[in-house]
1. How far is it, in nm, from the label point at ILE381 to the one at LEU471 when both lie 7 Å from their Cα along the line to the Cβ?
2. Hey, for a label at TRP237 modelled as a point 7 Å past Cα toward Cβ, could you say which residues of segment 64-107 have their backbone N under 15 Å away?
3. Under a straight-distance cross-link criterion of Cα-Cα below 27 Å, which lysines are reachable from LYS300, leaving out those fewer than 8 residues away in the same chain?
4. Going through the cross-link list LYS9/LYS269; LYS269/LYS481; LYS16/LYS418, which pairs have a Cα-Cα distance over 32 Å in this structure?
5. Can you work out ³J(HN,Hα) from phi for every residue in segment 317-329, in order, using Karplus 6.51 cos²θ - 1.76 cosθ + 1.60 and θ = phi - 60°, giving whole Hz and x for Gly and Pro?
6. Based only on other Cβ atoms within 10 Å, what is the fewest-to-most ordering of LEU241, LEU63, LEU445?
7. Going highest first, how would you order 325-336, 31-42, 453-464 by mean Cβ packing within 10 Å?
8. Separation of segment 211-231 and segment 72-96 by C-alpha centroid, Å?
Amino acid sequence: MPDRLFRKKNISDSIKESEGFNGGLKRTLSATNLVTLGIGAIVGTGIFVITGQAAAEYAGPSLTISFLISAVCCVLAGLCYAEFASMIPISGSVYSYSYVTTGELLAWFIGWDLVLEYLFACSSVAVGWSGYMLNLLEGFGIHIPQNIAASTFVYDADGWAFRGSIINFPAVFIVGVVTAFLIGGIRQSAFVNNIIVAIKVSVILLFIGFGISYIDVGNWEPYIPENVSGEFGEYGWSGILRGAAVVFFAYLGFDALSTTAQETRNPQKDMPRGILISLVICAILYISVTAVLTGIVNYKDLHVDAPVAIAVDRAGAGLSWLGPFIKLGAIAGISSVILVMMLGQSRIYYAISNDGLLPKIFSKVNRRGVPYNATIFASIITGLTAGLFPLDVLSELVSIGTLMAFTIVCILIIVLRKTQPNLRRPFKTPFVPWIPLLGAGVCLLQMFSLPASTWLRLAGWTVVGLIIYFLYGIRNSNLNKRKNK
């Protein structure tokens, strides 16, 4: 049994398999596509939704420091991702990297963690999209009944409770719309994303440029609010750390980029560029927006689903003309995040299914090179999750899943450098092992700053995943079947 759990895939065999007929996916993405996909996935809910809630609950105006900490962590992890993506240009992201480095059991564990990451990322972004759409419709005098405009359940100090709403219909609706684009193929999806990215970056720059003149520096005082409750993570430096862990969700996009390596024309050169360039651009945008946002509105008033829209409204008549553009930009921008997250989620199912650890139905590809069954399945479970659960619980689960994935990537770089030092590496992470160790350390620090309830949910998710693996995956693994012949 132990031998079966730790059997590894051969890197050259994995690449040959991806390039052959059975690979199914088509290499159509350029370097520009990768940068815009990265921006499309990164810039969205982090700016338009999570920023306000993290400032209100955890860090106050010093959320800018939280974003900086997360950005540094992401650059460290991004360098490790870039090496793997250039060396193993196949779908599956960290799941595939783990399979060739440490074997099947850890690959399944991280693959299941990625399912958590992308499922709840898509769902939480869809909930954020719903908040902005409802805000926009209200401005036009259109009122959606509360029983189809909010999550079914709510989580507070007393635990889970039924809110009284049937389902968050707008969140379910946008998931369905994005799925229709994804079924049309990666080329069409990338084209739509390029247009949306141009729109939302323009809107963000308008908000930063015009919003600066409406900043009240009094809203930045105190810059690091005092921790008066005594609870870890509620302002003070512990709040900055927890804020960094929560907004880490905002940088998830470059992980999604690595899932498209098998659909990139020149992954050895373009994947590192796409990951690192999009990350730097987005970090600058996040920190700038946070500074303007907390300068216009007191951080205590930002615990809302549409904080940027609230900031525009608070600025008064001088900035009111920007309101509709901000809301439309947010809606468009968040839509592109859902698109790329759904793309990544379906490619994870595809990669795991290709190895036999999930049913083969998820690795079927249509003539456009789309894993359509995986995409439709992702749509169904994402829509249900977005419709039923609140944003704060979803975003914390995304953060811990993302941080876990980044930690493992950093460690795997060190392992593979030791076990297979002669592999061709088109891009090399500098200063190994120090960069990966620092990246893993910062990720772990942020993970431990998250609430115990989030760790318990992660543990529960892991137990379910292990049950699935030992009941189905280990028996149907392609690698184990070949070894047993």
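Values quoted throughout were computed directly from the atomic coordinates according to the rules given, and no laboratory measurement underlies them. Please read all numbers here as calculations on a predicted model, not as lab measurements. Cβ: placed from backbone, ideal geometry, glycine included. Neighbour counts: every protein chain shown.
1. A separation of 1.3 nm, rounded to one decimal place.
2. What the label zone holds, given the 15 Å backbone N cut-off, is 65-66, 69.
3. Reachable lysines: LYS200, LYS327.
4. LYS269/LYS481
5. For segment 317-329, the Karplus-derived couplings read 4, x, 10, 5, 4, 7, x, x, 5, 4, 5, 5, x Hz, x marking Gly and Pro.
6. LEU445, LEU241, LEU63
7. 31-42, 325-336, 453-464
8. Their Cα centres are 36 Å away from one another.
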